[in-house]
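A short write-up of the structure that comes next.
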Amino acid sequence: MSAAQWRRAMNSAAAAAAPTVRVPPARPRTALPTSAANEVATSWWTRWFARIRARHVVVLVAIVVYPFVASPFFAYQIGAQALALGLIALSLTFLGGYGGMVSLAQMSVAGLAGYGVAIFGTSSAAAISLGWPWWLATALAIVVATAFAAAVGWLSVRTEGIYTIMITLAIGVAFFYLAQQNYTVFNGFQGFSKLGVPEVLGVESRDPVPFYFVALACALAGYFLVKHLVRAPFGIALQGIRDNPRRMASLGYAVTAHRVAAYAVSGLLAAVGGVLMAWYNGRISPGTVNLSAMISILIIAVLGGMKHPIGAFVGAIVYVLLQNFAIDLFVRERFNLVIGAGFLAIVLFSPDGLLGLWAKLRSSLVKTQTPQQTRRQL
């Protein structure tokens with residue numbers, strides 16, 4: 001038998017001995033049943049509503065009813081101002097609490113948005129203001145302020161710690177002196193007054209109740225945006241960069257890009273808050289963006305708690321109450337001393353702010369309860 005015949009015989013024998021594998025035909029894809037599709041579509045809503053507690057409903061009802069039961073002074077001077085300042089402080093809370101970057105230029109971003117409303121819209125300085133509609137002027141002012149915040153981030157994210165704080169402080173001080181000394185664009189130390197405010201269906205938004213609800217809508221939108229971002233992949237990566245940037249970089253994450261994006265998001269929040277403050281005051285001047293205003297935003301954020309988005313608004317409420325009623329409790333000129341003492345006490349005894357102090361108080365109350373009381377509550 002030749003070699004060729006031997007190979008043919010062996011191949012035929014192996015083919016006969018090999019088991020036959022039958023591949024079943026692919027089943028056609030069928031659409032999900034209607035009930036399953038509805039279940040998938042409603043799962044997100046179910047998870048969202050599952051997080052709602054009774055205290056959330058009570059707080060929401062209270063802040064909605066508040067302007068109808070409070071006086072115009074408390075609705076406008078206390079409530080609306082606290083919401084606007086809280087939104088600016090929320091930008092710093094997001095940047096510092098979740099990104100590990102403390103910026104003192106947040107009030108400069110807010111002030112630039114306020115100046116944008118005056119420059120692009122209408123004001124007392126008709127020779128400078130362009131007189132555009134309020135909605136166009138507001139949108140463009142927010143875009144410019146957000147881009148400015150991203151530029152600040154691009155300059156400062158390459159440093160860490162005290163160097164980042166010093167860079168943002170230098171940018172904030174430079175913007176203050178630019179606004180004070182430039183008369184062509186910023187109208188110098190006089191600033192702008194009689195700013196054009198939105199008027200919808202004959203209702204002027206600077207009235208106490210309408211302005212309160214405008215500020216409340218913006219504050220709620222900013223709060224839920226931050227709550228969503230910190231659970232999204234971007235927010236989780238940002239928190240990982242805060243804790244260990246070198247490891248996140250080794251895993252393939254763009255550390256600089258995430259930090260600049262965080263500055264842009266915080267700039268958006270600060271810009272909306274700056275527009276609200278410009279409408280609230282009816283004017284914008286260099287005094288709005290001076291060093292005292294920059295430090296005040298930091299105090300508000302730390303006072304409420306940098307680890308909780310709601311802490312920015314808690315700190316703003318306390319700050320505004322002290323600002324308005326310090327004259328009844330202390331000498332008016334001692335207001336900064338009172339705020340500084342409160343800030344020092346919070347830093348020493350509760351680094352997590354008033355919310356951290358409240359959490360410690362609740363935990364201590366739970367520990368002091370007897371087992372019988374605990375079983376009754378359960």
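Worth pointing out:
- Checking the stated criteria, Ala126 turns out to be small (Gly, Ala, Ser) and free of Cβ contacts under 8 Å to residues at least 60 places away in the same chain.
- Taken together, Ala257, Ala270, Ala237, Ala261 contain a single residue that is of a type in the set (A, V, I, L, M, F, W, C), assigned to a helix (DSSP H, G or I) and over 20 Å from Ala151 (Cβ atoms), which is Ala237.
- Checking every residue in the range 213-236 against the condition of being small (Gly, Ala, Ser), over 28 Å from Val117 (Cβ atoms) and crowded, with 19+ Cβ neighbours inside 10 Å gives at least one match.
- Of all the numbered requirements in (1) within 19 Å of the chain's Cα centre (by Cα); (2) at pLDDT below 90; (3) not charged (D, E, K, R), Ile88 misses one, and that requirement is (2).
- Selection of the range 309-328 for residues being in contact with a helix residue (DSSP H, G or I) (Cβ under 6 Å, 6 or more places away or on another chain) and at pLDDT below 85 yields only Ala326.
- Single condition Leu130 does not satisfy, out of (1) under 21 Å from the mean Cα position of the chain (by Cα); (2) assigned to a loop (DSSP other than H, G, I, E, B): (1)
- For the range 240-252, filtering for residues that are crowded, with 17+ Cβ neighbours inside 10 Å and either touching a residue at least 60 places away in the same chain (Cβ under 8 Å) or assigned to a loop (DSSP other than H, G, I, E, B) (or both) leaves 2.
- Residues (of a type outside the set (Val, Ile, Thr) and touching a residue at least 12 places away in the same chain (Cβ under 8 Å)) located in the range 52-72: Tyr66, Pro67, Phe68, Pro72
- Hits in the range 139-176 (condition: of a type in the set (Ser, Thr, Tyr) and modelled with pLDDT of 95 or more): Thr146
- Scope the range 336-353; condition under 15 Å from Met306 (Cα atoms), surrounded by 15 or more Cβ atoms within 10 Å (Cβ to Cβ) and in contact (Cβ under 8 Å) with a residue 40 or more places away in the chain; matching residues: Phe343, Ile346, Asp352, Gly353
The values are calculated or read from the model by the stated rules, or taken from the named source; none is laboratory data. Keep in mind that what you see is a predicted model, and the values were worked out from it rather than measured. Ideal geometry is used to build each Cβ from the backbone, glycine not excepted, and the neighbour counts take in all protein chains shown.
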